[in-house]
Amino acid sequence: MSHHFASESVCAGHPDKICDQISDAIVDAALQQDPNARLGIETMAGHNQVILAGEIRTTAKLDYEAIAREQIKKLGYTKPEWNFSDQSPVQVLIHEQSPEIAVGVDAEGAGDQGMMFGYAVKDTPELMPLPILLAHRLTKAIDDARETGKLAYLRPDGKAQVVVEYENDKPIGISHVTTAVPHDEDITLEQVKQDVYDQIVSPVLDQYGYGVDLEQLIVNGTGVWHHPGPDSDAGLTGRKIVVDTYGGYARVGGGAFSGKDPSKVDRSGAYAARYIAKNIVAHDLAGEAEVRLAYYIGGKAPVMLDIETFGSAKSSEKAIADFAAGLLTPSVSGIIEALDLRRPIYLNTAAYGHFGRNDFPWEAITH
């Protein structure tokens, strides 16, 4: 039986990702000075304005405005005429963490209730679903083309969407690719489409053994996009949780990741679940795995830990459960210790997905 599945990713300069990166840059700056820092940082970006809110408890000394401006500049927003730039006003509304939350976290309990899911499948070398993996690779290639000058007329911001055709639940081809890329006014859409096809789409798909014809590619569906960033579409931290995880191909939990220190199980629990699922599949115990976790605020251990292999198991349920138990202790402190999460490693997660990239500890395969 055949079917299709689509996933999208967004470029690092997308308004929501600007916010994720500012929030995670603040997390990293705090952890650099104080590994026990507690943060829940929210960023909003709109017309010529950045607002930072949330709570923090740390000994670190942070210049929030400077951190925000540095990220905005790094992402290419340096032209005030776009009505959003590194010169835009930054309003800081960050306050001290609630003592009612601190009580549970200080006792090494979960910082909140919630459920988290981790997923892995053998469809790609990265053990990720193919649609979201290709979408991430495309958005990264779009940004690289702009930053290296290969397509210097591109502007920050952008999206990519990939439609994958499946036969008996296995990917067999790509039926459609959509990209959205802002560009200089003096470049025709026809040139942009040809360049995106030649320099971005074809090379990325070829790396994974796939391809599309030019007719299967849409670039800027309305025909024009010149004005990038939050002036056209406001951004918020955490709004791209499906992009950040599995592109809708697998379940996602109820909480976003960026702006949170690892005591927040929304983040660390999701990383632990992916780590367990990936290792189950990598060690050929199953061809597909979903790990399900749930916690309550202040709780030191999960109130749910379940593993689903969708009929793909190659070992017994007990063998898989025993293997998972040997990977890490699923308490908050056990996850943080096993994955060494009290480090400034989070800014790099805030674009192109939190999973399927081997530079993160939760993507490691045990031996």
Those residues of the range 131-157 that are in contact with a Phe, Trp or Tyr (Cβ under 9 Å, 6 or more places away or on another chain) and farther than 30 Å from Ser312 by Cβ come to a total of 5
Is one or more of the residues making up the range 341-357 over 19 Å from Ser258 (Cβ atoms) and in the same structural domain as Leu285 (by TED's automatic domain parsing)? no
Residue that is surrounded by the fewest Cβ atoms within 10 Å (Cβ to Cβ), among those in the range 317-367 that are within 20 Å of Asp24 (Cβ to Cβ) and of a type in the set (Lys, Arg): Arg343
How many residues are closer than 25 Å to Lys122 by Cβ, in contact (Cβ under 8 Å) with a residue 60 or more places away in the chain and crowded, with 20+ Cβ neighbours inside 10 Å when one looks only at the range 265-286? 13
Would you pick out the residues in the range 123-150 that are within 14 Å of the chain's Cα centre (by Cα) and β-branched (Val, Ile, Thr)? Ile132, Thr139
Looking at the range 183-192 only, could you name the residues that are within 27 Å of Lys73 (Cα to Cα) and assigned to a helix (DSSP H, G or I)? Leu189, Val192
Residue under question is Ala6, and the condition is that it be assigned by TED's automatic domain parsing to the domain that holds Val177 and at pLDDT 95 or above; does it hold? yes
For residues in the range 193-234 being hydroxyl-bearing (Ser, Thr, Tyr), part of a loop (DSSP other than H, G, I, E, B) and in contact with a Leu (Cβ under 9 Å, 6 or more places away or on another chain), which is nearest to Ala141 (Cα to Cα)? Tyr208
Does at least one position in the range 183-204 carry a residue that is surrounded by 14 or more Cβ atoms within 10 Å (Cβ to Cβ) and modelled with pLDDT under 95? no
Scope the range 1-10; condition crowded, with 23+ Cβ neighbours inside 10 Å and either out of contact with any Lys or Arg (no Cβ under 8 Å at 6 or more places or on another chain) or in a helix (DSSP H, G or I) (or both); matching residues: Ser7
Restricting attention to the range 11-31, which residues are of a type in the set (A, V, I, L, M) and under 11 Å from Ala350 (Cα atoms)? Ala12, Ile18, Ile22, Ala25
Counting only residues that are assigned to a loop (DSSP other than H, G, I, E, B), buried (at least 20 other Cβ atoms within 10 Å of the Cβ) and aliphatic (A, V, I, L, M), how many does the range 146-182 have? 2
Taking the range 96-125 and keeping only residues that are modelled with pLDDT of 95 or more, touching an Asp or Glu at 6+ places or on another chain (Cβ under 9 Å) and not hydrophobic (A, V, I, L, M, F, W, C), one is left with Gly118, Tyr119, Lys122, Asp123
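The values are calculated or read from the model by the stated rules, or taken from the named source; none is laboratory data. Keep in mind that this is a model prediction, so the values were computed, not measured. Cβ coordinates were reconstructed from backbone atoms using ideal geometry, including for glycine residues, and neighbour counts include every protein chain displayed.
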